[in-house]
Structures are given as structure tokens and as C-alpha cells.
């Protein structure tokens, strides 16, 4: 099993998620961002200052390194990890927004963000699409 996946699944490690140090979370963040880059075929950048706030999970903002094509398409999003239950599991997900010429795009049925979740495995985890989501609580206005 890949070392980063061991941290994510908390296997072969004699500590709880809540006992992870900032260094452990940073290893996880860098790993899942690299997997995010592979998933989208995109290079995402993030602010290393966000690492100052890691611990018992994390929330990191990221964005496309550059705009693409005549429509200047880019993605921005939030990558987060939450400890579930009593240190039983770790949920890693990302919420993404699409932009064209600095205007946020939504689908024709008013779904405003794309949600994905990281599924860990011994051979190397992968991102799984949860699809376009409606912002029912107006969190992302």
C-alpha cells in the first residue's frame, strides 16, 4: 500500500486521525492534489499559507494554473477532509466551480458546482464523480 494511502485509511498506523500532526495532513493534501491533477488532466495550484490551518482535517482552496481556450475556461474549488464518527473514517472531497472569462458557470437546471470524493484503496485511490449539485443553501453565491 502506498504510504499516503496508509495515512488516508489509517492502516498500519498506531494513532487516531485526531492525533495526526500538520505534517501528516500536508502529506495527504499534496497526494490528493496530485491525484486531482491526474483526474482532471489539469494543474491546480493552492496557497501554502492554507497549510497553517490544518489539523483534525483540512480545507484548502485551489484553482487552475491557467485559463484554457478562447473562452478562458478555468476551475476553482475547495478541497476538504473531515474525520467521521469517532475517528472511524476520513472523508476527502472537493467542490469545483467552472469559470469562463471570470464569470461562474452553472448548468441549465441551476446546478452550480461539481462534487467529487476521494476513494482510497491499497493500490492507489481515485477520485469519483458525485456529479453536478444544486446549491440549496446558497452557500456558494
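The values are calculated or read from the model by the stated rules, or taken from the named source; none is laboratory data. As the structure is a computational prediction, the values presented were derived from the model and not from experiment. So basically every Cβ, Gly included, is an ideal-geometry build from the backbone, and we count neighbours across all protein chains shown.
Details
- Cross-chain or 6+ apart pairs with Cβ under 7 Å, segment 118-134 first and in contact (Cβ under 8 Å) with a residue 60 or more places away in the chain and at negative phi, then in a loop (DSSP other than H, G, I, E, B) and surrounded by 13 or more Cβ atoms within 10 Å (Cβ to Cβ): 118/125; 122/1
- Tally, over segment 101-125, of residues that are part of a strand (DSSP E or B), closer than 20 Å to residue 80 by Cβ and out of contact with any strand residue (DSSP E or B) (no Cβ under 6 Å at 6 or more places or on another chain): 1
- Of all residues in segment 72-97, none that is touching a residue at least 60 places away in the same chain (Cβ under 8 Å) and at positive phi has its Cβ atom under 8 Å from the Cβ atom of a residue that is crowded, with 18+ Cβ neighbours inside 10 Å and assigned to a strand (DSSP E or B), 6 or more apart or on another chain.
- Looking only at residues in segment 31-43 that are touching a residue at least 24 places away in the same chain (Cβ under 8 Å) and closer than 15 Å to residue 93 by Cα, the one that is surrounded by the most Cβ atoms within 10 Å (Cβ to Cβ) is 32.
- Condition check for residue 85: at pLDDT below 90, out of contact with any strand residue (DSSP E or B) (no Cβ under 9 Å at 6 or more places or on another chain), surrounded by fewer than 15 Cβ atoms within 10 Å (Cβ to Cβ) and under 21 Å from residue 3 (Cβ atoms): no
- Residues of segment 95-125 that are touching a helix residue (DSSP H, G or I) at 6+ places or on another chain (Cβ under 8 Å) and either surrounded by fewer than 14 Cβ atoms within 10 Å (Cβ to Cβ) or within 23 Å of residue 19 (Cα to Cα) (or both): 118, 120, 121, 122, 124, 125.
- Within segment 52-77, tally of residues that are more than 14 Å from the chain's Cα centre (by Cα) and over 18 Å from residue 102 (Cα atoms): 4
Yes or no, residue by residue, for (1) under 19 Å from the mean Cα position of the chain (by Cα); (2) modelled with pLDDT under 95; (3) over 19 Å from residue 63 (Cβ atoms):
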site	(1), (2), (3)
107	no, yes, yes
110	no, yes, yes
115	yes, no, no
118	yes, no, no
122	no, yes, yes
128	yes, no, yes
137	no, yes, yes
140	yes, yes, no
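- Yes/no for residue 45 being part of a strand (DSSP E or B), more than 21 Å from residue 126 (Cβ to Cβ) and under 16 Å from the mean Cα position of the chain (by Cα): yes
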